Ligand SMILES: [Fe+2]
């Protein structure tokens with residue numbers, strides 16, 4: 001099938017919503033007070049953007065639906081990739097001032113935008129540390145902390161940078177250098193300084209929203225009632241029990257009823273022990289509970305992390321590199337950056353591009369959204385394909401890229417020296433539970449573009 005145009009996708013999305021509302025195009029036309037031919041043209045993607053917009057606006061007025069949900073994102077990528085050139089990044093330079101030890105507002109950071117798209121879950125920045133310190137003391141009064149922010153932050157370091165963070169009022173610091181990385185959970189105060197007045201000291205900071213960011217509009221609507229979503233994180237057992245209590249309330253199941261069903265299933269666990277108290281739940285208990293509650297065992301597992309995983313730093317050594325895609329086909333040297341079970345859909349690594357072969361063989365493809373920054377002094381040739389056409393360009397030092405999921409891409413040396421790339425990948429809307437649910441659908445075609453009235 002030919003790639004759909006933007007207006008065809010808007011039409012398909014309107015058809016999908018009309019399907020959910022059990023309205024055919026005649027019913028839509030009547031209720032939106034538009035003529036039937038107009039609705040049919042909009043659904044077929046043959047109307048003007050203004051008319052399609054008018055249909056969406058009227059649907060938002062007439063039906064209790066989220067109108068913004070009908071607005072498809074216009075694709076701002078070029079065959080799945082968006083490039084920001086070094087000079088475009090430099091043009092966005094902003095200097096931020098923060099107090100020094102004497103309370104004077106002095107230059108602290110230089111910020112530059114790097115590549116991102118409407119579709120990308122991240123807002124990555126190039127941040128140069130302008131405050132120079134002579135130690136790595138977490139209480140150095142020249143290190144000016146922020147208040148923490150809503151987005152998760154994955155950072156890669158270039159040069160002599162100090163990283164500071166604060167957990168429960170206590171401050172920590174670590175000396176970082178090129179190739180090191182860190183991960184900071186939301187709302188943890190942090191800051192960065194330079195250990196050198198002459199060397200370039202910067203961080204490549206990929207701030208991104210996870211599933212909570214995507215639920216933000218709903219959470220704003222619920223306000224403080226959203227607090228009820230918080231699970232007891234004291235222990236994994238306590239967390240599971242708070243989930244079991246939620247499953248009971250959601251299904252209007254009583255503790256007595258659960259107890260009867262557990263006994264029928266042959267469980268030794270009592271319902272009382274399943275919802276409260278310190279009795280640990282073993283694999284057998286979880287099997288019985290899952291079968292009784294009609295969930296999978298995975299839905300009863302809540303990973304619990306301690307404070308030491310609020311901010312994580314990783315120092316990378318030269319020995320950490322390995323050949324990619326294989327030792328017999330050494331095109332890149334990959335050095336992993338931080339990985340944490342807390343964020344399974346957040347991955348990062350550096351790639352030294354050694355191969356002169358500019359073809360897609362042995363390249364990369366990922367289920368995640370990728371951000372790539374050329375942090376070295378040498379250019380790389382990029383070859384990519386979104387499945388329909390193959391493209392090429394040269395990625396110069398300080399150029400950056402956003403790459404959509406499943407866009408195959410490969411790099412090669414553009415001159416005699418290898419290029420150094422920082423790669424950070426995070427999930428968009430399709431991860432974890434969404435991916436599992438999607439995999440149960442019989443086909444993808446009507447999911448990505450509805451093409452018929454179902455009833
Ligand atoms: Fe930050």
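Observations
- Segment 365-419, residues that are surrounded by fewer than 23 Cβ atoms within 10 Å (Cβ to Cβ) and in contact with a helix residue (DSSP H, G or I) (Cβ under 9 Å, 6 or more places away or on another chain): 367, 396, 397, 398
- Entry remark, segment 237-256: residues being surrounded by fewer than 17 Cβ atoms within 10 Å (Cβ to Cβ) and touching a helix residue (DSSP H, G or I) at 6+ places or on another chain (Cβ under 8 Å) number 5 in total.
- Under the condition of being more than 13 Å from the ligand (Cβ to nearest atom) and crowded, with 16+ Cβ neighbours inside 10 Å, the residues counted in segment 133-155 number 6.
- Test result for residue 185, within 12 Å of the ligand (Cβ to nearest atom) and under 30 Å from residue 73 (Cβ atoms): yes
- Residue match in segment 131-141 (condition: free of Cβ contacts under 8 Å to residues at least 40 places away in the same chain and under 29 Å from residue 374 (Cβ atoms)): no
- Some residue of segment 86-94 being at pLDDT 95 or above, within 15 Å of the ligand (Cβ to nearest atom) and within 29 Å of the chain's Cα centre (by Cα): yes
- The one condition in (1) under 24 Å from residue 433 (Cα atoms); (2) modelled with pLDDT of 95 or more that residue 233 fails to fulfil: (2)
- Number of positions in segment 336-346 that are touching a strand residue (DSSP E or B) at 6+ places or on another chain (Cβ under 9 Å) and surrounded by fewer than 20 Cβ atoms within 10 Å (Cβ to Cβ): 6
- Condition met for residue 179 (in contact with a helix residue (DSSP H, G or I) (Cβ under 9 Å, 6 or more places away or on another chain), more than 10 Å from the ligand (Cβ to nearest atom) and assigned by TED's automatic domain parsing to the domain that holds residue 104): yes
- The strands (runs of 3 or more DSSP E) found wholly in segment 381-455 and carrying at least 1 residues that are more than 14 Å from residue 363 (Cβ to Cβ), without any contact (Cβ under 8 Å) to a residue 24 or more places away in the chain and in contact with a strand residue (DSSP E or B) (Cβ under 9 Å, 6 or more places away or on another chain) occupy 390-395.
- Condition check for residue 171: outside any loop (DSSP other than H, G, I, E, B), more than 15 Å from the ligand (Cβ to nearest atom) and either surrounded by 16 or more Cβ atoms within 10 Å (Cβ to Cβ) or in the same structural domain as residue 420 (by TED's automatic domain parsing) (or both): yes
- Subset of segment 5-56 [under 23 Å from residue 77 (Cα atoms) and surrounded by 16 or more Cβ atoms within 10 Å (Cβ to Cβ)]: 7, 8, 9, 10, 11, 12, 13, 45, 52
- The set of residues in segment 297-351 being in a helix (DSSP H, G or I) and out of contact with any helix residue (DSSP H, G or I) (no Cβ under 8 Å at 6 or more places or on another chain) consists of 298, 307, 308, 309, 318, 319, 320.
- Some residue of segment 188-210 being away from the ligand (no atom under 14 Å from the Cβ) and within 30 Å of residue 434 (Cβ to Cβ): yes
The values are calculated or read from the model by the stated rules, or taken from the named source; none is laboratory data. Small disclaimer: the values here were computed from a predicted structure and weren't measured. Glycine also receives a Cβ, built like all others from the backbone with ideal geometry; neighbour counts cover every protein chain displayed.
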